[in-house]
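Asker: Sharing a structure, written as structure tokens. Questions coming.
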Amino acid sequence: MSRVLLTGATGFIGGHLLAPLLQAGHEVHAITSREPHGDPGEAIWHRADLTDATAAEAVVREVAADALIHMAWYVEHGRYWQAPENVVWVEATLRLLRGFIAAGGRRAVIAGTCAEYEWSLDRYSDRTAPLAPATLYGVAKHATRLVAERFAANADVELAWGRIFMPYGPGESGARLLPSVIRALLAGEEALVSH
């Protein structure tokens, strides 16, 4: 059984990872800066603000995980594209990775974003789409990947960077496109959207 450290465990994507990780037999240590919602299951919960260097380093050292799945980032709907908090999360992510490696961690998965790509294309492929982010969010994620990949390689640690494209589904913020349209249609109202 491996010990997995999961960040963003109460978030839209990270929250959906708990059950599959537990079902696969991993010992899951979930970090959240807020109260876990729903049934926390068999995960071991840690309350920490990852942007607080002291708190983040303490929990990473305490858990001493084999694997890290880092899903946490600042994603307040409507704000995160150009928010200054993106710079804080670059620092927090690299500090988290450094602490994880120092504590003996061997494999890490970090969430990237489709905003790392240049968005003028009709089709996207990892092999052909240029990485040319147009937002602070995209630039921050892209820069984090560049540093994290080199740092992990130098430490002989496996690192996977997964670019997430416009997720939707249960637990999504009601202010986002699909939930707002669905809610309006179910209420028999006009679903107002922009171009």
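Asker: Helix 85-102 sits at what angle to the longest principal axis of the chain, using alpha carbons and giving 0 to 90 degrees rounded to 10?
Answerer: In the chain, helix 85-102 runs at an angle near 30 degrees to the longest axis.
Asker: Spin-label point model (7 Å from Cα, Cβ direction): what's the GLU189 to LEU131 distance in nm?
Answerer: 4.2 nm
Asker: Right, here's the next one. For the chain, count the residues as N, evaluate 2.2 N^0.38 Å, and divide the Cα radius of gyration by that value, please. If you can, show how the numbers build up before the last one.
Answerer: Values: Rg = 17.7 Å, N = 195, 2.2 N^0.38 = 16.3 Å.
Ratio of Cα Rg to 2.2 N^0.38 Å: 1.08.
Asker: Test of understanding: what is the full-extension gain from ALA160 to ALA143, defined as 0.36 nm times their sequence separation minus their Cα-Cα distance?
Answerer: Working: separation 17, 0.36 × 17 = 6.12 nm, distance 1.48 nm.
So the extension gain works out to 4.6 nm.
Asker: Decide, for region 52-98, between rounded, prolate and oblate: order the square roots of the alpha carbon gyration tensor eigenvalues as a ≥ b ≥ c, take rounded if a/c falls under 1.5, and otherwise choose prolate if a/b is larger than b/c, else oblate. Could the numbers behind the result be given before it?
Answerer: Numbers: a/c = 2.88, a/b = 2.11, b/c = 1.36.
Note, shape of region 52-98 comes out prolate.
Asker: Take each of the peptides 49-62, 75-88, 5-18, 173-186, average the number of other beta-carbon atoms within 10 Å over its residues, and list them starting from the highest.
Answerer: By packing density, highest mean first, the sequence is 5-18, 49-62, 75-88, 173-186.
Asker: Could you work out how far the C-alpha centroid of region 99-148 sits from that of region 23-98, in angstrom?
Answerer: 18 Å
Asker: Contour minus end-to-end for SER173 and THR54, with contour as 0.36 nm per residue of separation and end-to-end as the Cα-Cα distance?
Answerer: Answer, rounded to one decimal: 39.8 nm.
Asker: Can you tell me the orientation of helix 136-154 relative to the chain, as the angle in degrees between its alpha-carbon axis and the longest Cα principal axis, to the nearest 10?
Answerer: 30 degrees
Asker: OK, next. By how many degrees, 0 to 90 and rounded to 10, does the Cα axis of helix 177-186 deviate from the longest principal axis of the chain?
Answerer: Approximately 50 degrees, to the nearest ten.
Asker: Tell me the Kirkwood hydrodynamic radius of region 1-62 in angstroms, computed as one over the mean inverse distance between distinct C-alpha pairs.
Answerer: Details: mean 1/r = 0.0852 Å⁻¹.
Hydrodynamic radius (Kirkwood, Cα pairs) of region 1-62 is 11.7 Å.
Asker: Based only on the alpha carbon positions, what is the Kirkwood hydrodynamic radius of region 116-195, in angstrom?
Answerer: Across region 116-195, the inverse of the average 1/r is 15.8 Å.
Asker: Ignoring ligands, DNA and RNA, what percent of the 1.4 Å accessible area of the chain is carbon and sulfur?
Answerer: 55 percent
The values are calculated or read from the model by the stated rules, or taken from the named source; none is laboratory data. Quantities reported herein were computed from a predicted structural model and do not represent experimental measurements. No Cβ is skipped: glycine too gets one built from the backbone with ideal geometry, and neighbour counts run over all protein chains shown. These area figures cover heavy atoms from the full protein model, side chains too; ligands, DNA and RNA do not enter into them. Shrake-Rupley method; radii C 1.70, N 1.55, O 1.52, S 1.80 Å.
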